[in-house]
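What follows is a set of notes on a single structure, which appears directly below.
The values are calculated or read from the model by the stated rules, or taken from the named source; none is laboratory data. Because the structure is a prediction, the values reported are computed rather than measured. Here the Cβ positions follow ideal geometry from the backbone for every residue, glycine too, while neighbour counts run over all protein chains shown. For accessibility, only protein heavy atoms count, side chains too; no ligands or nucleic acids. Shrake-Rupley method; radii C 1.70, N 1.55, O 1.52, S 1.80 Å.
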Amino acid sequence: MHFGQGDFSHRIEIAPRNELGKLVATFNSMADKLEDIATRDGLTNLLNKKAIMQTLDSELVRARRHNSTLSLMMLDLDYFKRINDTYGHQAGDAVLVTTTGLIEKYVRGIDYVGRYGGEEIIIVLPDTSETESVEIAERIRRSLASTPIVVSESEFVNVTVSIGISIFPRDGIEQDVLLNNADQAMYYAKDAGRNQVVRYRDVIQ
């Protein structure tokens, strides 16, 4: 019933070590796999768009309840289409996988990373000030810019990223407003030369 309603996080309490207990353990293992399929991006294993949007929504509810801050990052790989056009889509996929792996190294255990679409990635950072989020974003940006990524047996590319940041509640209290403002900041970073971090308040000053 829970699964039919889309609740893939539901589990059954483990019963004693008898046949019923084994059945419950098997069910829970199957549930873990189904939850991954339902919430994870098939290529990068990041949260998929639906899951990261649900996470952002629930974290905003929590931030309002506790009167805390929340940071939202929108990241877009620079000149990604050029990589696909030059080296092929398999190479582009490999770049995405390597890039997202590097990004996950520089976020904290409380943060959530999701693939928003194409080469766009969202990071939700609960209880995080603007200063802290900029520091994390800069670590990600520097790491990507300094890490050559294999695209063929003999070729490497250096990938850079443009990052926009919006802050709850200063830059918006609703999900769509925060997303739009982080997106604006990210495109401002691209227009300003790419490979940089821009806060939404830099855009409107």
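Computed 3J(HN,Hα) for region 116-133, one whole-Hz value per residue from the Karplus formula 6.51 cos²θ - 1.76 cosθ + 1.60 where θ = phi - 60°, is 7, x, x, 9, 8, 10, 10, 10, 9, 10, x, 6, 10, 6, 4, 4, 5, 5, glycine and proline marked x.
Placing pseudo-labels 7 Å out from each Cα toward the beta carbon at N84 and I204 gives an inter-label distance of 3.3 nm. Measuring with a 1.4 angstrom probe and ignoring ligands and nucleic acids, I83 comes out at about 20 Å² accessible. For region 26-157, the equivalent ellipsoid derived from the Cα gyration tensor has semi-axes of 28, 21, 12 Å, listed largest first. Annotation: amide H-H contacts under 5 Å for T160 (H modelled 1.01 Å from N, sequence separation of 5 or more, or interchain): D78.
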